[in-house]
Each structure stands twice: as structure tokens, then as C-alpha cells.
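Just below is one structure, and these are the notes that go with it.
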Amino acid sequence: MSGRKKKGKATKDGLNMTEKQKLQSANVRIMALERELVNRSEETARAAEQKKILGEAMKEARELIEAEQADRFDIMSAMARQYKLTQDSLMDEINTLNAELVATQDELYLTRSALEETVAERDKILAEKAPKSRGSRRRWRTWPRRLPSC
């Protein structure tokens, strides 16, 4: 015997079976790929729908955030205006009160000056009348000679 093996001849049915098996295998593979394509197409459609839904939700969220920011800006602007008005009002009141204080101090100075003049006049009159009557002198002694301190 030689080292070579003899190849057997395949019959027509044997070749056809192999061809049939290949065809059948290819058909099974095609069907599986078609199922996978359908599944992936459905997944893609679901993903596209999810993307659309999430895009709309994100758009709504952005609009809400922008509206909130606009409201916050409006509120802050209103508060700044109110603060400025209050500050101006208080400054006007302070200035008015300072003016009143200066006027009152001026009036007090004038009143004290008038009082000092009156006391000086009284003392002069008392000095002139001193020899005339001692009783009236006692009456004027109860009147204060010094000005009250404020």
C-alpha cells in the first residue's frame, strides 16, 4: 500500500446534500441576520423616540431655567431700585433733621444770648435800685443767674 489515501468520489446526491446544507445554513443565517436587523431597527426607533422625548424635556428645562433667571434678575433689579429709593429717602430725612438741628442750635444760641442780655440788664437795674429797696432784691435773687447747660 502506498502512503497516499484514495479520494473517494462523491455522488451527485452527496454534492447536492452539501450544497443543500450550505443553502439551508445560509438561509438560517440570513433569517437570523434579518431578525437582528429588525431588533436593531426597533432599538434605533426607540432610541430616536427617547432622544426626541429627552430633547423636548431638555428644551422645557432650559426654558424654565431661563424664565427663573429672568425672574431672579427682575427681582434683583426691583430690590436694587427699592434699596436706592430707601437710601435716598433716608438721606433726605437725615439732611432735613440736620438742618433742623442746626436751626435749633442757632435758635438756642440766640435765646441764650438774649437771656444773658436780659440777666445783665436785670443786674444793672438791680444795682441801680439796690439802695432804694431791699425787698425787691430778694425777689430777684430767686431768678437764676447762670444759664442751664444743655
Quiz item: For the stretch 34-57, what are the residues that are open to solvent by less than 100 Å² (accessible area, probe 1.4 Å) and of a type in the set (A, V, I, L, M, F, W, C)?
Solution: VAL38, ALA45, ALA47, ALA48, ILE53, ALA57
Quiz prompt | Residues of the stretch 72-88 classified as of a type in the set (Asp, Glu) and open to solvent by 80 Å² or more (accessible area, probe 1.4 Å), total | solution = 1
Exercise. From the list SER136, SER89, pick out the single residue that is modelled with pLDDT under 95 and in a helix (DSSP H, G or I).
Key: SER136
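The values are calculated or read from the model by the stated rules, or taken from the named source; none is laboratory data. This is a predicted model, so every value here is computed, not measured. Quick note on the areas: whole protein, heavy atoms, side chains included, nothing else; ligands and nucleic acids left out. Shrake-Rupley method; radii C 1.70, N 1.55, O 1.52, S 1.80 Å.
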